[in-house]
1. Tabulate in residue order the Karplus-calculated ³J(HN,Hα) for segment 64-77, using 6.51 cos²θ - 1.76 cosθ + 1.60 with θ = phi - 60°, rounded to whole Hz; enter x for Gly and Pro.
2. Restricting to Cα pairs below 8 Å that are 6+ residues apart, what does the relative contact order work out to for the chain? Please round to a whole percent.
3. Please compute the modelled spin-label separation between residue 22 and residue 200, points set 7 Å along Cα→Cβ, answer in nm with one decimal.
4. Report, by chain and number, residues whose modeled amide H sits under 5 Å from the one on residue 120, excluding near sequence neighbours (fewer than 5 apart, same chain).
5. Based on alpha-carbon positions alone, could you give the equivalent ellipsoid semi-axes of segment 2-217 from the gyration tensor, as √(5λ), descending, whole Å?
6. Show which lysines lie in cross-link reach of residue 112 when reach means a straight Cα distance below 19 angstrom and same-chain residues fewer than eight apart are skipped.
7. Efficiency by 1/(1 + (r/R0)^6): what FRET value for residue 211 and residue 122, r their Cβ-Cβ distance, R0 = 35 Å, to the nearest 0.05?
8. Per the helix-only calculation at 222 nm, which mean residue ellipticity applies to the chain, given -39500 (n - 2.57) for every DSSP H run of n ≥ 4 and division by its residues, nearest 500 deg cm²/dmol?
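What follows is calculated from the coordinates using simple rules that are stated; it is not laboratory data. All figures in this text were calculated on a predicted structure; none of them were measured in a lab. Here the Cβ positions follow ideal geometry from the backbone for every residue, glycine too, while neighbour counts run over all protein chains shown.
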Amino acid sequence: MAMTADGKIATANRAVHSFGSAWDLEHLYELRATADAVMCGARTVEVAGTTLGPGAAKFRRQRLKRRLAEYNLRVIVSGNGSLDPAAAIFKSQVSPIVILTTARISKFNLKKLQTVADEVRICGEREINFRAALRWLKTKWNVQRLLCEGGGALNDALFRADLVDEVHLTICPKIFGGRTAPTIADGLGFPALSDAARFELTSLRREKAELFTVFSRRKRPE
Ligand SMILES: NC(=O)c1ccc[n+]([C@@H]2O[C@H](COP(=O)([O-])OP(=O)(O)OC[C@H]3O[C@@H](n4cnc5c(N)ncnc54)[C@H](OP(=O)(O)O)[C@@H]3O)[C@@H](O)[C@H]2O)c1
């Protein structure tokens, strides 16, 4: 995730979603080149127009060197299937697209998404059961390492399910402000300090005006 110095990942009106440097973009593709699958939420797919592909040939070569498939699997999360089938991602046919959804999806939306995705998987009643969904992705699509690229609602669900091993956070020297501007983890959050997801800073690198950080999960005390 790219984050402003005041902790935002987009402006409050969602008009600005891309604000990292060329280094940060390169870093994003390098991370994609380490993952079997790249995932993001429905609103990110629509607002940011992301296609979640591996990018230029050099990143695809990195993938092959690591014995990964040349093109990563693409995973989209949409609880009620409200996703727009005209979104840019569906026009890019580089690799399979899997949509994770819930039993809340209408028959109409299910049919609509089945025409644009390779598989639509119902994983939960009202909320996606991510533990079960990731287990299924591993078994069915051989996903060992999954990169989630947000947005805040999806990230929050993964933090709450305790499924995040690493957070790669680029801190950019900008301030967006705005009470309703999204952050790296929105959604419901944790009610108490004792419940908070815990991480430790395991890497810190300055590249020109940005800080590239990695936070790794700390095990909860027994
Ligand atoms: N700076 C960055 O690095 C970065 C990266 C990514 C995104 N962004 C920004 O983040 C914003 C989007 O974030 P967002 O939080 O609004 O949306 P989001 O997380 O991209 O997508 C939210 C949607 O995903 C589905 N979803 C998420 N968690 C779910 C769960 N537990 N169960 C069922 N469905 C679930 C729901 O889809 P349905 O409504 O279809 O049910 C929900 O409305 C955009 O402005 C984007 O530009 C910034």
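1. Along segment 64-77, the couplings run 5, 4, 7, 6, 9, 4, 4, 10, 6, 5, 10, 10, 10, 10 Hz.
2. Value for the chain: 26 percent.
3. It works out to 3.7 nm between the two label points.
4. Residues meeting the criterion, in which the H sits 1.01 Å from N, are 99.
5. Values: eigenvalues 131, 92, 64 Å².
Largest first, segment 2-217 gives 26, 21, 18 Å.
6. 91
7. Numbers: r = 40 Å, r/R0 = 1.14.
Calculated value: 0.30.
8. Values: 7 runs with 60 residues, N = 222.
Rounded to the nearest 500, the figure is -7500 deg cm²/dmol.
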